[in-house]
Structure formats: structure tokens, C-alpha cells
Amino acid sequence: MSESREETGYAEARYRQLLERLELLRNQIATLAASLQSMKQALQRLEKLENVETVYERAGHIMVPRRRDEALEELKLNVEATESILKKYQEEEREVRTELRQLIEGLSSSGAGS
């Protein structure tokens with residue numbers, strides 16, 4: 001009997017841990033997705049500025065000049081990096097959801113068998 005309570009206690013703790021991880025991942029995914037959308041919009045705008053060599057970017061409370069091609073290249077790299085991280089978080093979210101589902105199914109089947 002005590003072993004069953006121990007298993008249930010572990011399962012409940014794991015369930016809470018998975019829910020917390022899932023919430024954290026959801027927040028990170030939402031933040032990254034918004035940031036990615038903003039970067040892609042900026043990238044589109046920069047690509048449209050064909051006859052411009054200098055653009056300005058915010059550095060704290062001031063705007064500083066920068067070569068358009070450098071800004072464009074850096075933004076492309078940032079988009080790629082953000083997409084990669086977002087994909088990693090989405091895969092991790094799927095894994096956590098799968099583990100959570102398996103945990104719930106395990107608890108349901110062990111509860112039905114008791």
C-alpha cells in the first residue's frame with residue numbers, strides 16, 4: 001500500500017513539474033514567435049530599401065547609423081537563430097505533452113485496475 005502511495009506521490013510531483021515546464025515553454029514560444037514576426041517585418045522593410053546605403057538602428061535612447069548591408073545580414077542571421085530556437089522549443093513542447101499524456105493514461109489505467 002505504501003508503495004502505491006509513493007508512486008502516486010511521484011506521479012503527482014511529475015505531473016506538476018510537467019505542467020510548469022509546459023507553461024514555461026508556451027510563454028517562451030509566444031515570446032519568440034512575436035519577436036520573429038517583428039524581425040521578419042523589419043527584414044522585409046530593409047530589403048525594400050534598395051537605393052539606401054545607410055540605415056539607423058536604436059542603441060539605447062539614440063539612433064546610430066549603420067550600413068544597410070551589414071544590418072540586413074545581421075537581421076537574417078538573427079531570424080535564422082530565432083527560428084532554430086523556436087523549433088527546438090516547439091519540439092520540446094511536443095515531448096512534454098506526450099510525456100504528460102502518458103503519465104495521465106498511466107494513472108488512469110492504474111486507478112481503474114485498483
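The values are calculated or read from the model by the stated rules, or taken from the named source; none is laboratory data. The model shown is predicted, which means the values in this text are computed figures rather than measured ones. Glycine gets a Cβ as well: all are built from the backbone with ideal geometry, and neighbour counts include every protein chain shown.
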Among residues of the range 42-81, those that are hydrophobic (A, V, I, L, M, F, W, C) and part of a loop (DSSP other than H, G, I, E, B), counted: 2
Cβ pairs under 8 Å, 6+ apart, first in the range 77-89 and under 17 Å from L43 (Cα atoms) and of a type in the set (S, T, N, Q), second at pLDDT 95 or above and surrounded by 12 or more Cβ atoms within 10 Å (Cβ to Cβ): N78/M39; T82/L32; T82/S35; T82/L36; T82/M39
Which numbered condition V96 misses (of (1) without any contact (Cβ under 8 Å) to a residue 60 or more places away in the chain; (2) in a helix (DSSP H, G or I); (3) in contact with a helix residue (DSSP H, G or I) (Cβ under 7 Å, 6 or more places away or on another chain); (4) β-branched (V, I, T)): (1)
From the options V55, V64, V79, residue that is over 25 Å from the mean Cα position of the chain (by Cα) and surrounded by 15 or more Cβ atoms within 10 Å (Cβ to Cβ): V55
Any pair with Cβ under 8 angstrom, 6 or more apart, that starts in the range 12-41 at a residue that is surrounded by 13 or more Cβ atoms within 10 Å (Cβ to Cβ) and of a type in the set (G, A, S) and ends at one that is modelled with pLDDT of 95 or more and in a helix (DSSP H, G or I): A33/L86; S35/T82
Those residues of the range 42-52 which are among the polar types (S, T, N, Q) and within 26 Å of the chain's Cα centre (by Cα), in sequence order: Q44
Unique match (being among the hydroxyl-bearing types (S, T, Y), modelled with pLDDT under 95 and either more than 29 Å from the chain's Cα centre (by Cα) or not in a strand (DSSP E or B) (or both)) among S108, S38, S84: S108
Any chance L22 is under 30 Å from E93 (Cα atoms) and either assigned to a helix (DSSP H, G or I) or touching a helix residue (DSSP H, G or I) at 6+ places or on another chain (Cβ under 8 Å) (or both): yes
